[in-house]
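Engineer: Below you'll find the structure I mean.
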Amino acid sequence: MSEYKLHCFAESGNAYKVALMLELTGQDWQPLFVDFFNGQTRGDAWRSDVNEQGEVPVLEHGATTLTQSALILEYLAGQTGQYGPQDEQERRDIWRWMLFDNHKFTSYYATLRFLYGLKKTGETEVTTFFRERATAAYRVVDQHLSKTPFMVGGRLTIADLSLAGYVFMPEDTGMHLTDFPHIEAWKARIKALPGWKHPYDLMPRGSQELCS
């Protein structure tokens, strides 16, 4: 039996953050497929038995069950002794970027990808709204990465893994990612790490046609 169990599906960038952390740190882990596109996380059973917030990822580690990717990443950094902060200043910097990621970098881009890339809504006022805000967040990160190879401390940390949740997803969002050369170079550095895998190779896939 695997030490860690991760409730996930490949199209979830938030789940990918945790799956990649588990893979890069060489943990014994097992993906548990969540049928998001057919409504599993919206069902009463999921919310009562797995996660009342109705979301993935959910990590099981022995008697401990954790939700929310940033919290899980911090937990795994403590458990594995890898990719965490080296001092209090780094801890604050890591959380600063993980909060920025959750509120802006991932938040806007993931919503845009879901609407434009998965649900195929076409161009609407809503997709334009999210693309503008995702672009602004990408500019902030691209500028930061022009000065450092990774987000905090010049080495890979859970801040990078948090921000990396959706940047490898293949769906078109209408954004020109080549406009962010420092993000593209950062992605290449992450891909070069031993153990890196694409999200669609790391977790089981759902049925995109059934998005609702």
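Engineer: Could you tell me the calculated FRET efficiency between ASP49 and ASP179, based on Cβ-Cβ distance and R0 = 30 angstrom, to the nearest 0.05?
Structural biologist: Details: r = 44 Å, r/R0 = 1.46.
E between ASP49 and ASP179, to the nearest 0.05, is 0.10.
Engineer: Would you please give the FRET efficiency between ALA136 and ARG189, computed as 1/(1 + (r/R0)^6) with r the Cβ-Cβ distance and R0 = 25 Å, to the nearest 0.05?
Structural biologist: Computed FRET efficiency for ALA136 and ARG189: 0.60.
Engineer: Sort 119-130, 15-26, 92-103 for me by packing, meaning the mean count of neighbouring Cβ atoms within 10 Å per residue, highest on top.
Structural biologist: With the highest mean Cβ count within 10 Å placed first, the list reads 15-26, 92-103, 119-130.
Engineer: Also, I was wondering about something else. Measuring from centroid to centroid over Cα atoms, what is the spacing of region 94-117 and region 51-72 in Å?
Structural biologist: 19
Engineer: Please give the per residue accessible area of region 81-212, computed with a probe of 1.4 Å over protein heavy atoms only, in Å².
Structural biologist: Averaged over the residues of region 81-212, the accessible area is 50 Å².
Engineer: Let me have the relative contact order for the chain, percent, based on Cα pairs under 8 Å that are six or more residues apart.
Structural biologist: That works out to 32 percent.
Engineer: Provide, as a two-decimal number, the C-alpha radius of gyration of region 10-108 over 2.2 N^0.38 Å, N being how many residues it has. Before the final figure, lay out each step's value.
Structural biologist: Values: Rg = 14.3 Å, N = 99, 2.2 N^0.38 = 12.6 Å.
Compactness ratio reported: 1.13.
Engineer: Translational diffusion coefficient of the chain at 37 °C, 0.692 mPa s, Stokes-Einstein with Kirkwood Rh over Cα pairs, in µm²/s as a whole number. Let's see the in-between values first.
Structural biologist: Working: Rh = 17.6 Å.
Translational D for this selection: 187 µm²/s.
Engineer: Next question. Once the mean 1/r over all distinct Cα pairs of region 45-86 is inverted, what Kirkwood radius in angstroms do you read off?
Structural biologist: Final number for the Kirkwood radius of region 45-86 is 11.2 Å.
Engineer: Another question, then. For TYR200 and GLN30, what does the FRET efficiency come to when R0 = 22 Å and r is the distance between their Cβ atoms, rounded to the nearest 0.05?
Structural biologist: E between TYR200 and GLN30, to the nearest 0.05, is 0.80.
Engineer: Carbon and sulfur together cover what percent of the accessible area of region 61-132 at a 1.4 Å probe radius?
Structural biologist: 52
Engineer: Once amide H atoms are placed 1.01 Å from N in the peptide plane, what residues at a sequence separation of 5 or more from VAL58, or on another chain, have their amide H within under 5 Å of its amide H?
Structural biologist: HIS7
The values are calculated or read from the model by the stated rules, or taken from the named source; none is laboratory data. Fair warning: this is a prediction, and the values are worked out from it, not measured in the lab. Reconstructed Cβ throughout: ideal geometry from the backbone, glycine too, with neighbour counts over all protein chains shown. Only protein heavy atoms, including side chains, enter the accessible area calculation; ligands, DNA and RNA are left aside. Shrake-Rupley method; radii C 1.70, N 1.55, O 1.52, S 1.80 Å.
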